[in-house]
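The values are calculated or read from the model by the stated rules, or taken from the named source; none is laboratory data. Nothing here was measured: the structure is a model prediction, and the numbers come from that model. Ideal geometry is used to build each Cβ from the backbone, glycine not excepted, and the neighbour counts take in all protein chains shown.
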Amino acid sequence: MRQISIYGKGGVGKSTVASNLSAALVEDGLKVMQVGCSPKSDSTYLLLGTVCEPTILNQIRSKGNREQYIAECLKEGYKGVVCAESGGPEPAQGCAGRGVLLSLDLLRKHKLLQKFKVEFVIYDVIADVVCGGFAQPMRRGFASEVYIVTSGELMSLYSMNNICYAVKTMNELKGVEVKVGGIINNMRGIPREEELVGEFCNLIKAPVVANIPRSELIQEAEVDRQTVVQRSPDSDVAKKFKALAEYVKEPRGVYPEPIDPKESIGTIFELLRKYQVFAEER
């Protein structure tokens, strides 16, 4: 069973990328599962066309953690993609990251991935800064192959570097091996964005594996509660996701060499100036 996790700054389009990737993989004949690992519980919306309910944590609170109850949280979406959302704790109570870990532990304990005959799993994990809780999908071996979604924006690049730094730190722990499969540039349409992201990724030794162009087709599909792979399968942007799906089907990975977080912000500012992102401000 192939398992990958997708990380990235909140708002960078991580769930859109994950959902289109799931749709592209299922179009290729694989049995796919997508697990939303965020209190927002919106990762699988485009695959289901509705909110995935109940979340695993809500189910635990209302019914318990027996196999039959957790199985009720798994819903089939577009072409049979199995969808689940971990959910989050009650407001101001508990750690969302630990809630994610509990959810994943129960999926493993009850062998639900095997019972649904899943061949490829995508964990969609929120991670502006990778705290100990949200790092658990990597640390506990659920998905030791990480793909990071970024853009050419300052904080997206900063978060990407921080996530790579977390990967480096975890690899220094005994019994943990995590690799970065690649960087996905979910473009925002800023000047020379491919070159900008490409140069920064070269600095930290992490390959860019996809440049997803900003496209109105993606927004139009989301208004219809669909992925662009489903709504506009022959479009150029859908073909980008299909190419990405072909790439991730095989195990990949590098050990990145991120910049110290205390110094990375300065490096990113210099690149933004180099590529004239701040030209209008000057």
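For this structure, a couple of remarks:
- Residue count, the stretch 175-205 (criterion: more than 21 Å from PHE142 (Cα to Cα) and either at pLDDT 95 or above or not small (Gly, Ala, Ser) (or both)): 20
- Screening GLY87, GLY36 for residues that are on the phi > 0 side of the Ramachandran plot and buried (at least 23 other Cβ atoms within 10 Å of the Cβ) leaves exactly one candidate, GLY87.
- Some residue of the stretch 221-239 being touching a residue at least 12 places away in the same chain (Cβ under 8 Å), within 17 Å of GLY182 (Cα to Cα) and either out of contact with any Ser or Thr (no Cβ under 7 Å at 6 or more places or on another chain) or surrounded by fewer than 19 Cβ atoms within 10 Å (Cβ to Cβ) (or both): no
- In summary, helices (runs of 4 or more DSSP H) completely within the stretch 1-73 and bearing 3 or more residues that are farther than 30 Å from ALA243 by Cβ occur at 56-62, 67-71.
- Comparison of ILE218, ILE265 shows that the only residue that is closer than 22 Å to ARG192 by Cα and either among the hydroxyl-bearing types (Ser, Thr, Tyr) or in contact with a strand residue (DSSP E or B) (Cβ under 9 Å, 6 or more places away or on another chain) (or both) is ILE218.
- Of everything listed in (1) of a type outside the set (Ser, Thr, Tyr); (2) touching a residue at least 40 places away in the same chain (Cβ under 8 Å); (3) part of a loop (DSSP other than H, G, I, E, B), the single unmet condition for GLU250 is (2).
- Filter result (modelled with pLDDT under 90, within 20 Å of the chain's Cα centre (by Cα) and more than 14 Å from GLY36 (Cα to Cα)) within the stretch 66-97: CYS95
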